[in-house]
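Below you'll find the structure, written out as structure tokens, and then a few comments.
Read-outs: derived from the displayed coordinates by stated rules, not from any lab. Just so you know, these numbers come straight off a predicted model, no measurement behind them. All Cβ positions, glycine included, derive from the backbone under ideal geometry; neighbour counts span all protein chains shown.
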Number of protein chains: 2
Amino acid sequence: MTVVSQDLSTTSYALLGLLALDGTSSSLTGYELKQRADRTLRFYWVSPAMSQVYTELDRLARSGLVSATAEQTGRRTSQRYQITGTGIEVLQSWLNSSAADFPILKHPTALRLLMGALVAPDRLRRLLQDYLDQLAERRTDLASVRTMLGDEESLRYPAMVADWGLGYYDSEAGIVRELMERLPGY
Amino acid sequence: MTVVSQDLSTTSYALLGLLALDGTSSSLTGYELKQRADRTLRFYWVSPAMSQVYTELDRLARSGLVSATAEQTGRRTSQRYQITGTGIEVLQSWLNSSAADFPILKHPTALRLLMGALVAPDRLRRLLQDYLDQLAERRTDLASVRTMLGDEESLRYPAMVADWGLGYYDSEAGIVRELMERLPGY
DNA sequence: TGTAGCATGTAAGCCGTTACATGATTGA
DNA sequence: TCAATCATGTAACGGCTTACATGCTACA
């Protein structure tokens, strides 16, 4: 018996993947999962809103890809989730079967630069400098993630992805610095 | 009298920006605008679906940011759009006022690599190779755009953005080749 | 003359966000 | 004991896509 594609959104697979990194032994609450997403997923995907994390977990649970165990805290019940065997199979079949789409980039700074002729060069310099600052901040965050991952064999792939991100940020910074020199009135 | 923010979506501003590149003299149909978007916008934003181009143009026209002139072709009427003075002002105020958000990247290949432990290393090699192929194709497309832009002063900023994209693709290719060497069993 | 491609839209629906409601916990 | 923070959800809505409907044009 093979489990076939369940036709989830990529974000669902991403969340399922985060649960898979934790394995079948440990369980996470929606809140904790959101924290993982904020820490890792946001660098190369999108960290979904808290509300969506809860909705997706509920859907995954209904499909049997994760199992939920209820916890009572005072008057309120909450859920802890962990990936099931079926969940892992579905994830593997997604990883093996589907061709990965080309990345989608939404780059507000590049978009603004495109219309550079409409504004003063000073404004463009400022725009690019702001982007460099944002890049530096992101890079710091990602570097700390990378440090935490260390060189443990079990974290090999997350570490590779983090290195990818660091390389990307460094490349962006280099490109932007070159572009700044090409601004008129430099 | 100053025109203040009209609270458009970024995609609206992007389309308005494409019309601005054409200036107040020439006019475009929805179909032609979509072609421009496919050719340039898609590299660092998203080229909206045909249907959305029409809807956005209609909205922009209703706000007075573009002007529409009807054309009769047989039994069917169609519209040609050009940016208005107000449209340019709104675009400039957007460029000058708002802080650009950090780019959003949705990178299916990186996402899959994160879960690399769940699949065979061969599959990962294949995944990364596919991405390299996609990159090469994209790069070719963008390079031809860059060539068309030449070094005319009036196309300075579009050319800078195109160079940005080329640098990005080259950097990605380099990073991915390094990552492939780190795959187990290389 | 009929079919493939060019062109213009409308309708339905998905994915994901922000806003809102509510409860538990901690510490000033 | 009150405010801030942690935590769990539901509701409303927006942006964008795919599917669909329709007409025009060129040419085999």
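In what sequence do A:ILE88, A:ILE83 fall when counting other Cβ within 10 Å, fewest first? Working shown, then result.
Values: A:ILE88 19, A:ILE83 26.
Final ranking by Cβ density, sparse to dense: A:ILE88, A:ILE83.
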(message) Tell me the net charge near B:GLY116. Cut-off is 9 Å between Cβ atoms, B:GLY116 excluded, with +1 for each Lys or Arg and -1 for each Asp or Glu.
(response) +3
(request) As a check on your grasp of the helix formula, calculate [θ] at 222 nm for chain B: sum -39500 (n - 2.57) over DSSP H runs of n ≥ 4, divide by the residue count, round to the nearest 500. (result) -20000 deg cm²/dmol
(request) Which order do the peptides A:17-30, A:131-144, A:100-113 take when ranked by the mean count of other beta-carbon atoms within 10 Å per residue, highest first? (result) A:100-113, A:17-30, A:131-144
(request) Can you tell me the relative contact order of chain A? Whole percent, Cα pairs under 8 Å, sequence separation 6 or more. (result) 19
(message) Between 0 and 90 degrees, rounded to the nearest ten: what's the tilt of helix A:156-181 against the longest Cα principal axis of chain A?
(response) 20
(message) Quick check: pseudo-label points 7 Å beyond the Cα along Cα→Cβ at B:SER63 and B:LEU155, how many nm apart are they?
(response) 2.9
(message) Viscosity 1.567 mPa s, temperature 4 °C: what is the translational diffusion coefficient of the stretch B:108-181 from Stokes-Einstein with a Kirkwood Rh over Cα pairs, rounded to a whole number of µm²/s?
(response) 94
(request) Determine the distance separating the Cα centre of the stretch B:128-144 from the Cα centre of the stretch A:47-76; give it in Å without decimals. (result) 39
(request) Arrange B:LEU128, A:LEU16 by Cβ neighbour counts within 10 Å, fewest through most, would you? (result) B:LEU128, A:LEU16
(message) Please report the net charge: other residues with Cβ closer than 11 Å to the Cβ of B:ALA68, K and R +1, D and E -1.
(response) 0
(request) Summarise the partner chain shielding of A:174-182 as one whole number: the mean count of Cβ atoms from other chains within 10 Å of each residue's Cβ. (result) 3
(message) Per-residue Cβ counts within 10 Å, from other chains only, averaged over B:151-158: what number is that?
(response) 3
(request) Using only Cα atoms, tell me the angle between helix A:50-62 and the longest principal axis of chain A; keep it within 0 to 90° and round to the nearest 10. (result) 40
(request) For helix B:85-97, report the angle its Cα long axis makes with the longest principal axis of the Cα atoms of chain B; keep it between 0 and 90° and round to the nearest 10°. (result) 40
(request) For chain B, count the residues as N, evaluate 2.2 N^0.38 Å, and divide the Cα radius of gyration by that value, please. (result) 1.28
(message) Suppose you put the label 7 Å out from Cα in the Cβ direction; list, shortest first and in nm with one decimal, how far A:SER26 is from each other copy's label.
(response) 5.8
(message) What is the sum of charges, Lys and Arg at +1 and Asp and Glu at -1, for the other residues whose Cβ falls under 11 Å from the Cβ of B:MET180?
(response) +2
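Over the whole of B:92-104, what's the average partner chain Cβ count within 10 Å per residue? Rounded to a whole number, please.
Across the residues of B:92-104, the mean count of other-chain Cβ atoms within 10 Å is 6.
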(request) Starting from the Cα gyration tensor of the stretch A:5-97, take the square roots of the eigenvalues, sort them a ≥ b ≥ c, and report rounded, prolate or oblate (rounded when a/c is under 1.5, otherwise prolate if a/b is larger than b/c, else oblate). (result) oblate
